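The values are calculated or read from the model by the stated rules, or taken from the named source; none is laboratory data. Keep in mind it's a predicted model, so treat the numbers as computed, not measured. No Cβ is skipped: glycine too gets one built from the backbone with ideal geometry, and neighbour counts run over all protein chains shown. All accessible areas refer to the heavy atoms of the entire protein, side chains included, with ligands and DNA or RNA removed. Shrake-Rupley method; radii C 1.70, N 1.55, O 1.52, S 1.80 Å.
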Amino acid sequence: MFIGEYKHNLDDKGRLAIPAKFRAILKKGAVVTKGLDNCLFLYSKEQFEKIAQKFAALPMGPAKARAFGRHMLAGAMDVEFDNQGRITLPEYLRQFSSLKKSVIIAGLYNHLEIWSEGAWVKYKTEAEKNSNAIAEELGDLGI
């Protein structure tokens, strides 16, 4: 399970250290892809395969299904850990998520999100400001 919020720095080669407590979950392989809200999603290879199967099962007719499948699957890349527990984020994903130096890694149960610190602070501030309204809407979903 991925939970928590961690601040790390991206080095000049696009390498990012992943918190040690998550490396065991990711030791059999990991996949990074374009996420939502201009962040990146990092999945264990096993979890990403489950998601990919769901996309493969979607009908090809609806344009939105094709577009979201392309977003998640065509933007994905397998990543490996170096001896220091770092992964290298490809340039196209760093550009997509506006990653420069300071990065936030947020655990969201079955995946990690990788944010530029500025975007994370802006998103989190807005979400916290609206947390009561969000909670009421989720209450209708049984959460």
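Values for this structure:
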{"item": "Test: residue in the stretch 123-136 that is open to solvent by 70 Å² or more (accessible area, probe 1.4 Å) and either touching a residue at least 24 places away in the same chain (Cβ under 8 Å) or in contact with a Lys or Arg (Cβ under 9 Å, 6 or more places away or on another chain) (or both)", "result": "yes"}
{"item": "Residue satisfying condition, being open to solvent by less than 60 Å² (accessible area, probe 1.4 Å) and in contact with a His (Cβ under 6 Å, 6 or more places away or on another chain), within set VAL103, VAL79", "result": "VAL103"}
{"item": "Qualifying position, being more than 16 Å from the chain's Cα centre (by Cα) and modelled with pLDDT of 90 or more, among GLY85, GLY107, GLY61, GLY142", "result": "GLY85"}
{"item": "All positions within the stretch 76-124 that are closer than 20 Å to MET1 by Cα, touching a Leu at 6+ places or on another chain (Cβ under 9 Å) and in a loop (DSSP other than H, G, I, E, B)", "result": "PHE81, HIS111"}
{"item": "Every pair of residues 6+ apart whose Cβ atoms lie under 6 Å, when the first sits in the stretch 21-45 and is more than 19 Å from TRP115 (Cα to Cα) while the second is hydrophobic (A, V, I, L, M, F, W, C) and open to solvent by less than 10 Å² (accessible area, probe 1.4 Å)", "result": "LYS45/VAL31"}
{"item": "Some residue of the stretch 28-46 being open to solvent by less than 60 Å² (accessible area, probe 1.4 Å), hydrophobic (A, V, I, L, M, F, W, C) and in a helix (DSSP H, G or I)", "result": "no"}
{"item": "Test set (1) part of a helix (DSSP H, G or I); (2) under 23 Å from GLY4 (Cα atoms); (3) at pLDDT 90 or above - ALA127 fails condition number", "result": "(3)"}
